[in-house]
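Every number in this text was worked out from the coordinates using simple rules, so none of it is lab data. Note that this is a predicted model, so its numbers are computed, not measured. Reconstructed Cβ throughout: ideal geometry from the backbone, glycine too, with neighbour counts over all protein chains shown.
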Amino acid sequence: MRDSDVPIRASILRGLPAVVTSVGGPGEKFLAAYGVDERLTAQQDTFVSVRLVEKVLEDAAAQLDVPDFGLRMAAQQDLHVLGPLAIAMENSRTVGEALECASRYLSVLSPALSHEVIPDPLDNPGVLAIRYASTTGTASPQAIDYGLGMVHRVVTLVTGGSYGLRSVQLPHPALAPETAYRDHFGAEVAFDCDRAALRMPRQLLDVPVSGGNEILRDIAVDYLESHFGHEEVPVSDLVTAILEGQPGPDQPDLAKVARLLSLHPRTLQRLLAVEGVGFKDLVDLVRREQARKLITTTDLAFTRIAVRVGLREQSSLTRAVQRWFGTSPSDLRRTARDQPR
């Protein structure tokens with residue numbers, strides 16, 4: 001089992017079909033070949049594995065003969081792929097505050113990602129660096145280009161334009177002509193370095209973020225702190241997101257979820273117990289919400305709903321709905337339709 005099987009939000013692949021199409025590729029069919037529905041990339045609470053994302057990026061670069069594919073993904077990506085973290089960053093008081101927020105909460109996107117401000121690798125006292133890394137230690141070159149390219153794009157958006165980037169360091173050989181890197185970053189790029197980093201003026205930390213709204217920032221930070229104010233996203237939140245992202249008969253069992261999180265099943269059970277919940281409890285909660293939504297907002301037959309939420313037959317759904325809501329599926333649907341709109 002590889003460390004890169006840890007989860008990452010599927011939104012990181014947002015825009016990939018458009019990039020593929022722009023270079024003459026098969027668009028959304030490219031993602032479908034990896035079992036990913038493009039619609040999932042528009043959702044904030046759907047996860048795939050880091051390993052899958054790395055494979056998609058590397059395969060796209062090789063099969064489409066586009067060696068700067070990771071950079072192209074970064075260039076088209078929207079800041080709001082970061083969800084509530086984007087709101088907190090773009091409404092921070094200063095660039096330094098925005099970068100500190102990213103360092104603290106980047107795990108919201110994936111526990112595999114790390115971002116921090118460090119002293120200048122070239123020991124210039126007037127310069128600092130933003131280091132980007134994968135905590136798995138196995139990040140592919142295209143994934144690194146995409147990740148550091150995204151950091152550059154985020155800083156550019158937060159500062160409102162050019163931010164005085166001095167140079168870029170990458171830990172792998174050039175994947176594309178060096179001009180592609182210079183055009184993307186607008187600065188010189190060094191390869192085969194010890195880290196992936198952006199070097200910039202130290203005074204950038206004190207630059208105000210243009211157009212920031214302190215109230216929005218506080219709301220976003222309060223949300224991040226209450227939901228993700230830990231070294232990593234709560235394990236129960238990750239498990240819930242994985243279950244929600246793979247409904248129906250393909251909903252993963254304990255062993256599969258543990259593999260996605262690079263944990264032994266017993267370890268996963270122990271971590272969930274610390275958070276006061278069991279795996280079966282989470283499955284039941286996710287199934288309950290999925291069933292409620294399908295019963296009350298669609299006309300699907302109950303037999304189909306039973307399959308969609310991972311139950312064997314309609315009678316199982318009937319018993320579950322009775323336990324959850326104290327009524328039958330028919331009455332639950334009827335009551336929902338009788339509600340004034």
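In terms of Cα atoms, the Rg and Dmax of the chain work out to 22.3, 71 Å. Between SER328 and ASP120, the C-beta separation translates, for a Förster distance of 45 Å, into a calculated FRET efficiency of about 0.10. Normalised by the number of residues in region 113-208, the mean separation of alpha-carbon contacts (under 8 Å, six or more apart) gives a relative contact order of 33 percent. Once backbone amide H atoms are built at 1.01 Å from N, VAL207 has VAL95, GLY96 as its partners under 5 Å, excluding neighbours fewer than 5 places away on the same chain. With the simple spin-label model, which puts each label point 7 Å out from Cα in the Cβ direction, the ASP253 to ASP59 separation comes to 2.6 nm. Backbone phi angles across region 283-293, fed through the Karplus curve with coefficients 6.51, -1.76 and 1.60 (θ = phi - 60°), yield HN-Hα couplings of 4, 5, 5, 5, 4, 4, 5, 5, 5, 4, 5 Hz in residue order; Gly and Pro are listed as x.
3J(HN,Hα) along region 206-217: 8, 6, x, 7, 5, x, x, 10, 5, 5, 4, 4 Hz, from the Karplus curve 6.51 cos²θ - 1.76 cosθ + 1.60 with θ = phi - 60°, whole Hz, x for Gly and Pro. Taking 0.36 nm per residue of sequence separation and removing the Cα-Cα distance, the ASN213/THR298 pair yields an extension gain of 26.7 nm.
Distances between placed amide hydrogens fall under 5 Å for THR327 paired with GLN322, all partners being 5 or more residues away or on another chain.
As a length-normalised measure over Cα pairs under 8 Å and 6 or more apart, the relative contact order of the chain settles at 17 percent. Counted without the sites themselves, the longest stretch of the chain free of chymotrypsin sites (Phe, Trp or Tyr not before Pro) in a DSSP loop having at most 15 other beta carbon atoms within 10 Å is 35-190. Straight Cα distances below 19 angstrom link LYS29 to the aspartates and glutamates ASP37, GLU38, GLU54, GLU58, ASP59, ASP65, with same-chain residues fewer than 8 positions distant left out. Under the rule of at least 5 residues apart or a separate chain, name every residue whose amide H is placed under 5 Å from the amide H of SER167. Excluding prolines and chain starts, which carry no amide H, the hits are ARG199. Projecting the Cα atoms of SER167, SER134, ILE219 onto the dipole axis of the chain, where Lys and Arg carry +1 and Asp and Glu carry -1 at the beta carbon, places ILE219 farthest toward the positive end. Straight-line cross-link partners of LYS280 among the lysines, defined as a Cα under 24 Å from its Cα and at least 8 positions apart when in the same chain: LYS256, LYS293. Charged side chains reduced to their Cβ positions (Lys and Arg at +1, Asp and Glu at -1) give the chain a dipole of some 1400 debye around its Cα centre.
Can you pull out the trypsin sites (Lys or Arg not before Pro) in region 46-144 that DSSP calls coil and that have at most 11 other Cβ atoms within 10 Å?
none
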